[in-house]
Amino acid sequence: MTELKNTERELYLFRMRLLFIGVFVFVCFLALVSRFVWLQIVKHDDYVLLADENRIDVVPIVPNRGLILDRNGVILARNYSAYTLEITPSKIRQDMDVLIDELAQLVDIQPKHRKHFRKLLEESKSFESLPIRTRLTDEEVARFTAQHFRFPGVDIQARLFRQYPLSDIASHVIGYIGRISQKDAEIIDEMEDAANYNGTDYIGKEGLEKSYEKILHGTTGFEEVEVSAGGRAVRTLSRTAPTSGKNLILSVDIELQKVVEDAFGERRGALVAIEPATGDVLAFVSKPTYDPNLFVEGIDQQSWNELNTSEDRPLLNRPLSGAYPPGSTYKPYMALAALELGKRHPAQAIADQGYFMFGGHRFNDDKPGGHGMVDMYRSIVQSCDTYYYMLANDLGVDAIHDFMQPFGFGQKTGIDLEHEKSGVLPSTAWKRSVYKKAAQQKWYAGETISLGIGQGYNTFTPLQLAHAMATLANNGVVMKPHLVKMMEDPQSRQRTPTVPKESYRIPLRQENIDIIKLAMAGVPREGTSRVAFLNAEYVSAGKTGTAQVVGLKKGEKYDAKRTAERQRDHSLYIAFAPAEQPRIALAIVVENGGFGSEAAAPIVRKALDYYLLGKKPQEKDTSPVVKSDALTVRAESEIKADAESEGGPKPGGETPGNKE
């Protein structure tokens with residue numbers, strides 16, 4: 001029997017299926033249109049930006065670092081261009097050692113280069129381009145370029161390099177730059193202008209290179225470059241040029257710096273020379289020095305060990321961070337304090353019998369038997385210790401502290417270098433703050449006595465000594481010491497001074513200042529430095545000083561010949577010249593140099609001869625004593641006969657005097 005089909009039902013089902021499919025297609029089409037509307041209209045601006053970011057690469061342009069020049073235009077730090085072979089670790093698909101071995105067949109790569117690269121690899125991010133060899137020769141560039149296709153991830157880049165053409169001269173002033181470390185990068189990331197260091201590989205590490213980093217660095221520029229899907233640059237869309245860093249014009253006279261460094265020879269120590277009227281630092285010497293060029297590309301381990309473990313500590317910035325007892329160079333300020341505070345008048349004399357007794361303790365004078373009757377003038381010219389033992393006792397520690405503080409003793413000067421030390425200008429409050437036990441916090445009257453001759457707790461930096469000398473020479477007008485005299489725009493050549501006016505004035509009576517200056521002028525004419533300044537063509541004012549390094553046992557006599565070299569006394573000298581109208585003031589410390597008249601004063605004589613007269617020494621002087629003729633030798637022996645070398649203060653015993 002034939003089954004009859006339900007035509008109407010099948011037609012209904014067909015129409016329902018067709019409707020369902022139509023609705024489904026419509027919904028899909030509606031969704032697609034909605035997505036198009038969302039992408040093309042609502043999110044149009046966002047996706048255009050993302051597309052541009054994929055299409056456009058922003059390339060930073062590192063600015064030229066500013067130059068550093070001395071006051072006469074001599075270049076102390078400059079830039080030069082050279083080629084560098086660089087590896088981007090994230091793009092390397094083979095073993096790094098194998099890659100470097102293959103590169104070594106084209107370019108000279110020494111073990112030290114490999115070691116330095118490994119160190120950079122540990123400290124840097126994988127996507128950073130790291131140098132394996134710098135300063136490639138033209139031949140090396142040509143050989144690698146011909147084989148470049150074999151080394152994806154390895155490129156040659158043209159880079160600017162920093163150079164210090166005078167090598168180790170004034171290295172503690174200039175400092176150096178070095179590659180940005182992880183620690184540096186973290187500090188940069190926290191800076192407001194962190195973006196300005198995009199693309200920068202080097203940063204100031206020490207000296208002026210560090211303290212004026214932002215000034216020297218300049219402003220980073222950038223290029224917007226259109227790139228293909230494969231990352232190749234197609235064309236430059238826009239360019240914002242970088243702004244070169246400003247040049248630093250220093251106050252330093254580099255020829256004077258050379259004269260002093262040569263005069264030091266192999267001896268250790270420091271000298272700072274300042275122009276009193278302006279605060280310009282004319283010379284800033286720290287011996288021994290080091291070659292800052294060693295640090296630019298990363299110092300090798302051997303050189304670092306030699307510098308870092310050397311007993312001479314060449315990396316120590318002695319004028320800034322070295323702390324030394326001032327010795328008898330403190331006496332002119334003590335005398336000025338006595339005049340200002342009404343404790344002495346110039347003609348008032350004491351009978352010096354060779355010692356001062358206080359509380360059963362004997363404080364010895366520098367001259368056995370004493371100097372006889374001593375007034376203020378003679379106390380400075382002949383450097384009579386007994387006079388200042390008595391004066392310190394009359395003044396008291398706090399009065400001494402309050403008078404000395406405005407001169408900058410025990411205070412940071414604020415010079416434009418980092419890591420300056422403050423030294424110690426003792427007071428009763430200072431002792432309470434540094435000691436924990438009550439017995440140690442108490443100030444004993446006997447401790448004041450040695451302060452008068454620049455011993456005891458007194459420790460100052462050579463920079464502070466020079467700053468105080470410049471202030472005295474400038475009649476109490478305080479000028480902030482500075483190494484950078486001006487900053488210069490490399491384009492417009494416009495110069496901006498760094499310290500245009502005085503800091504403050506110490507209220508001193510001019511007649512009292514003149515008394516001290518007159519006595520200091522007598523020191524090189526007839527006093528303890530007369531040998532060093534024999535036949536000088538100018539009138540200078542100065543004061544010798546000798547500071548003990550180690551104390552001696554009771555009754556023990558100091559003998560330099562029997563004392564280990566590094567335990568011998570320091571040699572000091574302060575001076576200004578010409579005495580009538582000072583153009584230069586300075587302070588010097590020669591470590592373990594002995595009497596101030598022997599080691600320090602002759603170096604100062606050479607510095608003043610050059611600066612005032614233009615005279616240069618014919619050869620370096622490495623001897624501790626300058627002997628020019630029979631008269632000099634005779635005069636020198638007279639000074640030695642006046643000086644007795646003994647130890648430091650000992651409770652209940654004798655205190656030897658200062659030596660000159």
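Assorted remarks:
- Complete set of residues in segment 314-358 that are at positive phi and without any contact (Cβ under 8 Å) to a residue 24 or more places away in the chain: 342
- Looking across segment 1-60, just one residue is modelled with pLDDT under 70, within 30 Å of residue 240 (Cβ to Cβ) and either in a loop (DSSP other than H, G, I, E, B) or among the hydroxyl-bearing types (Ser, Thr, Tyr) (or both), and that is 47.
- All positions within segment 304-331 that are open to solvent by 20 Å² or more (accessible area, probe 1.4 Å) and either within 23 Å of residue 418 (Cβ to Cβ) or of a type in the set (Phe, Trp, Tyr) (or both): 304, 307, 308, 310, 312, 313, 315, 316, 317, 321, 323
- Residue check for residue 273: of a type outside the set (D, E, K, R), open to solvent by 10 Å² or more (accessible area, probe 1.4 Å) and either modelled with pLDDT under 95 or not in a helix (DSSP H, G or I) (or both): no
- Hits in segment 378-429 - residues which are touching a Gly at 6+ places or on another chain (Cβ under 6 Å) and either open to solvent by less than 10 Å² (accessible area, probe 1.4 Å) or in a helix (DSSP H, G or I) (or both): 381, 385, 388, 389, 391, 392
- Identity of the residue in segment 182-226, open to solvent by 30 Å² or more (accessible area, probe 1.4 Å) and among the small types (Gly, Ala, Ser), that ends up nearest to residue 298 (Cα to Cα): 185
- Strands (runs of 3 or more DSSP E) lying entirely in segment 443-548 (those with 2 or more residues that are open to solvent by less than 30 Å² (accessible area, probe 1.4 Å)): 484-488, 541-547
- Some residue of segment 278-287 being free of Cβ contacts under 8 Å to residues at least 12 places away in the same chain and out of contact with any helix residue (DSSP H, G or I) (no Cβ under 9 Å at 6 or more places or on another chain): no
- Selection of segment 160-180 for residues being farther than 30 Å from residue 268 by Cβ and surrounded by fewer than 20 Cβ atoms within 10 Å (Cβ to Cβ) yields 160, 161, 180.
- Candidate set from segment 236-253 (those that are of a type outside the set (A, V, I, L, M) and outside any loop (DSSP other than H, G, I, E, B)); member that is modelled with the lowest pLDDT: 236
- Evaluation of residue 349 against (1) open to solvent by less than 10 Å² (accessible area, probe 1.4 Å); (2) under 24 Å from residue 515 (Cα atoms) (one fails), failing number: (1)
Here's the yes/no breakdown for (1) assigned to a loop (DSSP other than H, G, I, E, B); (2) of a type outside the set (A, V, I, L, M):
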residue: 286; (1), (2): no, yes
residue: 299; (1), (2): yes, no
residue: 315; (1), (2): yes, no
residue: 343; (1), (2): yes, yes
residue: 348; (1), (2): yes, yes
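- Checklist (1) in contact with a Leu (Cβ under 8 Å, 6 or more places away or on another chain); (2) basic (Lys, Arg); (3) open to solvent by 30 Å² or more (accessible area, probe 1.4 Å) applied to residue 133, failing item: (3)
- Scanning segment 75-95 for residues that are loosely packed, with under 15 Cβ neighbours inside 10 Å and not in a strand (DSSP E or B) yields 90, 91, 93, 94, 95.
- Complete set of residues in segment 427-459 that are touching a Ser or Thr at 6+ places or on another chain (Cβ under 9 Å) and closer than 18 Å to residue 402 by Cβ: 443, 454, 456, 457, 458
- Odd one out for residue 366 among (1) under 15 Å from residue 394 (Cα atoms); (2) touching a Gly at 6+ places or on another chain (Cβ under 6 Å); (3) open to solvent by less than 30 Å² (accessible area, probe 1.4 Å): (1)
The values are calculated or read from the model by the stated rules, or taken from the named source; none is laboratory data. Keep in mind it's a predicted model, so treat the numbers as computed, not measured. Backbone-built Cβ (ideal geometry, glycine too); neighbour counts: all protein chains shown. Side chains included, ligands, DNA and RNA excluded: accessible areas come from the protein's heavy atoms. Shrake-Rupley method; radii C 1.70, N 1.55, O 1.52, S 1.80 Å.
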